[in-house]
Amino acid sequence: MSWTGFGGPQAHLALFLRVFVEKRAYLSEEALLEIYALCQILPGPTSTQTITGIAYRIGGAGLAYLTLFVWILPSITIMTLAAVFISYLQAEAVSFEFARFTHAIAVGFILSAGVQIFQKIIHTKTAFVLMSLSAVIAYFYHPQWFLPILIIAGGLVTAMGKFQRYPKVQDKNVKIRWRNLTYFILIFAVLGFLSEFMRPYSFGLPFRLAENFYRTGSIIFGGGQVLVPLMLTEFVYIKKLVSREEFDLGYNFNQMLPGPTFAFSAFIGAMAMREFGTWGQVLGGVIAGVMIFLPGTLLIFFVIQFWDELKKYRPVRASLEGINAVSVGLVLTALVLMGETIFSQTTEMIFLDILVIMITFVLLQFTRLPAPFLVLAGLLLGYLLSL
């Protein structure tokens, strides 16, 4: 999956449902959607938290950490090497026009995933209304702090309005183990101290990057679509560690890769450390990659331990319908926001992008063509046009 999971968290959910539920039968569709809903209300990379949460449910913490390592390793490695390579190519003035269709292909992936998720989640009028309202609200107002409020609000609607439809469960005994939450807070405090203590020194940048990315991973709700603009503001416009041109090059390259979108942070970390040479860039990529994923992982490990007991409460079970419905609405919003950039081009390019989106969607919906072939075809088309 780490080599074939194109399209971000929405497309990853569809992939998880197809492989883990329908093909492998590791868990039920209801159980997977419960984990996904839980990850929606926690900060961090949603698809990574979901797949590690599934692994935790099946095999405990050991399997979950192994899954996390395997899931993020390819994309973090490639994005770190990409930063090193792009630093070299910039001096050669190489054009990256061949990657111009990667954005349209990503929209096609999300459109296909959105249709599949809609069919599995939206089954009631309440869910349809919540999906529609959340999509409209999030389109006009989508700062990252507001998204979890919107998701929780959707959960409260169904929790208060539908909890009586669920049977009572008497043996509720929630035992909370605080270890992972303690780790989460302790690491936050230590990194904050080291970042400030090392600030006057020339070798203090790695410590500041570690704190920056750990903090970012602790406050991000809404997946990679929210992460990218936040990093653009912090590392390009405020800290000026990466230029806008470099940022865009890295993001376009990230769109070509499978795996978690959060791996884009490895590229930013590596570019920020270029003054320390090639091995410094490798260190920056590793620091950024580990720190962006760590807080979300600790939080999902903390909550999932008592989730089975917590969901015995009728309002909690009823809230899942609203949480999932709003998450589908946010998929629609992400789809529209990503699609808007396409219409800022020339008429000919708009037509080509729309054509690529529709072809990607049709092939994903009605064929078993592997996703990498679609990306490679888009790169070939971009290369031919660049000639």
| message | Conditions first: (1) modelled with pLDDT under 85; (2) among the aliphatic types (A, V, I, L, M); (3) under 29 Å from residue 149 (Cβ atoms); (4) within 20 Å of the chain's Cα centre (by Cα). Residue 316 passes all but one, so which condition is the exception? | response | (4)
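Can you name the residue in the stretch 155-204 that is of a type in the set (Gly, Ala, Ser) and within 30 Å of residue 273 (Cα to Cα) and is also surrounded by the most Cβ atoms within 10 Å (Cβ to Cβ) among such residues? Even if it seems obvious, please write down each step before you answer.
Looking only at the stretch 155-204, we keep the residues that are of a type in the set (Gly, Ala, Ser), and these are 155, 159, 161, 189, 192, 195, 202, 204.
Restricting the remaining residues to those that are within 30 Å of residue 273 (Cα to Cα) gives 189, 192, 195, 202, 204.
Working: 189: 9, 192: 13, 195: 20, 202: 8, 204: 15.
If we take residues in the stretch 155-204 being of a type in the set (Gly, Ala, Ser) and within 30 Å of residue 273 (Cα to Cα), then 195 is surrounded by the most Cβ atoms within 10 Å (Cβ to Cβ).
Looking at 355, 369, which is the one that is closer than 22 Å to residue 18 by Cα and surrounded by fewer than 22 Cβ atoms within 10 Å (Cβ to Cβ)? Steps first, please.
Numbers: 355 fails: closer than 22 Å to residue 18 by Cα.
Of 355, 369, the one residue that is closer than 22 Å to residue 18 by Cα and surrounded by fewer than 22 Cβ atoms within 10 Å (Cβ to Cβ) is 369.
For residue 109, indicate whether it is free of Cβ contacts under 8 Å to residues at least 40 places away in the same chain and buried (at least 16 other Cβ atoms within 10 Å of the Cβ). Break it down stepwise before answering.
On the way: free of Cβ contacts under 8 Å to residues at least 40 places away in the same chain: no; buried (at least 16 other Cβ atoms within 10 Å of the Cβ): yes.
So residue 109 does not fit the description; no.
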| Complete set of residues in the stretch 324-352 that are surrounded by 13 or more Cβ atoms within 10 Å (Cβ to Cβ) and of a type in the set (Ser, Thr, Tyr) | 327, 333
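Could you tell me which of the residues 250, 277, 259 is outside any loop (DSSP other than H, G, I, E, B) and at positive phi? Before you say what the answer is, go through the steps one by one.
On the way: 250 fails: at positive phi; 259 fails: outside any loop (DSSP other than H, G, I, E, B).
So the residue among 250, 277, 259 that is outside any loop (DSSP other than H, G, I, E, B) and at positive phi is 277.
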| query | Using beta carbons and a limit of 8 Å, which pairs, at least six apart or on different chains, have the first residue in the stretch 191-210 and within 17 Å of residue 240 (Cβ to Cβ) and the second one surrounded by 12 or more Cβ atoms within 10 Å (Cβ to Cβ) and of a type in the set (Gly, Ala, Ser)? | reply | 204/195; 205/272; 208/195; 209/269; 209/272; 209/284; 209/288
| said: Suppose we keep only residues that are within 14 Å of residue 100 (Cβ to Cβ) and of a type outside the set (Val, Ile, Thr) within the stretch 320-360. Which one would you say is modelled with the highest pLDDT? | reply: 355
| task | Say whether the condition of being out of contact with any helix residue (DSSP H, G or I) (no Cβ under 7 Å at 6 or more places or on another chain) and basic (Lys, Arg) is met by at least one residue in the stretch 359-373. | result | yes
| message | Quick check on the stretch 156-175. Is at least one of its residues touching a Leu at 6+ places or on another chain (Cβ under 7 Å), modelled with pLDDT under 80 and outside any helix (DSSP H, G or I)? | response | yes
| task | Please list, ordered by first then second residue, the pairs with beta carbon atoms under 7 Å, 6 or more apart or interchain, first in the stretch 274-303 and among the hydroxyl-bearing types (Ser, Thr, Tyr), second surrounded by fewer than 24 Cβ atoms within 10 Å (Cβ to Cβ). | result | 278/84; 297/68
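Being under 19 Å from residue 65 (Cα atoms) and within 17 Å of the chain's Cα centre (by Cα) is true for just one of 295, 258. Which residue is that? Break it down stepwise before answering.
On the way: 258 fails: under 19 Å from residue 65 (Cα atoms).
Step by step, each of 295, 258 is checked, and only 295 is under 19 Å from residue 65 (Cα atoms) and within 17 Å of the chain's Cα centre (by Cα).
Output yes when any residue across the stretch 209-218 is surrounded by 15 or more Cβ atoms within 10 Å (Cβ to Cβ), of a type outside the set (S, T, N, Q) and modelled with pLDDT under 80, and no when none is. Don't jump to the end; show me each part of the working.
First, pick out the residues of the stretch 209-218 that are surrounded by 15 or more Cβ atoms within 10 Å (Cβ to Cβ): 209-218.
Remaining after also requiring of a type outside the set (S, T, N, Q): 209-211, 213-215, 217.
Subsequent filtering for residues that are modelled with pLDDT under 80 retains none.
Taking every residue of the stretch 209-218 in turn, none turns out to be surrounded by 15 or more Cβ atoms within 10 Å (Cβ to Cβ), of a type outside the set (S, T, N, Q) and modelled with pLDDT under 80.
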| task | Spot the failing condition for residue 122; the list is (1) surrounded by 23 or more Cβ atoms within 10 Å (Cβ to Cβ); (2) among the β-branched types (Val, Ile, Thr); (3) at pLDDT 85 or above; (4) under 25 Å from the mean Cα position of the chain (by Cα), and only one is missed. | result | (1)
| query | Can you find a residue in the stretch 232-243 that is buried (at least 18 other Cβ atoms within 10 Å of the Cβ), in a loop (DSSP other than H, G, I, E, B) and modelled with pLDDT under 80? | reply | no
| note | Inside the stretch 291-303, the number of residues satisfying the requirement of being crowded, with 22+ Cβ neighbours inside 10 Å and closer than 12 Å to residue 35 by Cα is 2
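Quick check, is residue 364 touching a Leu at 6+ places or on another chain (Cβ under 7 Å), surrounded by 14 or more Cβ atoms within 10 Å (Cβ to Cβ), assigned to a helix (DSSP H, G or I) and modelled with pLDDT under 85? Outline the logic, then answer.
Details: touching a Leu at 6+ places or on another chain (Cβ under 7 Å): no; surrounded by 14 or more Cβ atoms within 10 Å (Cβ to Cβ): yes; assigned to a helix (DSSP H, G or I): yes; modelled with pLDDT under 85: yes.
Against the criterion (touching a Leu at 6+ places or on another chain (Cβ under 7 Å), surrounded by 14 or more Cβ atoms within 10 Å (Cβ to Cβ), assigned to a helix (DSSP H, G or I) and modelled with pLDDT under 85), residue 364 does not qualify.
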| remark: Here the residues within the stretch 286-344 that are over 22 Å from residue 181 (Cα atoms), assigned to a helix (DSSP H, G or I) and out of contact with any helix residue (DSSP H, G or I) (no Cβ under 8 Å at 6 or more places or on another chain) are 340, 344
| field | Output for the stretch 26-49, where each listed residue is touching a Pro at 6+ places or on another chain (Cβ under 7 Å) and in a helix (DSSP H, G or I) | value | 46, 47, 48
| message | For the structure I just gave you, tell me whether residue 256 is under 24 Å from residue 51 (Cα atoms), buried (at least 18 other Cβ atoms within 10 Å of the Cβ), of a type outside the set (Gly, Ala, Ser) and modelled with pLDDT of 90 or more. | response | no
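The values are calculated or read from the model by the stated rules, or taken from the named source; none is laboratory data. Everything numeric here is computed off the predicted structure, so don't read it as measured data. Please note: Cβ atoms are built from the backbone with ideal geometry, for glycine as well, and neighbour counts cover all protein chains shown.
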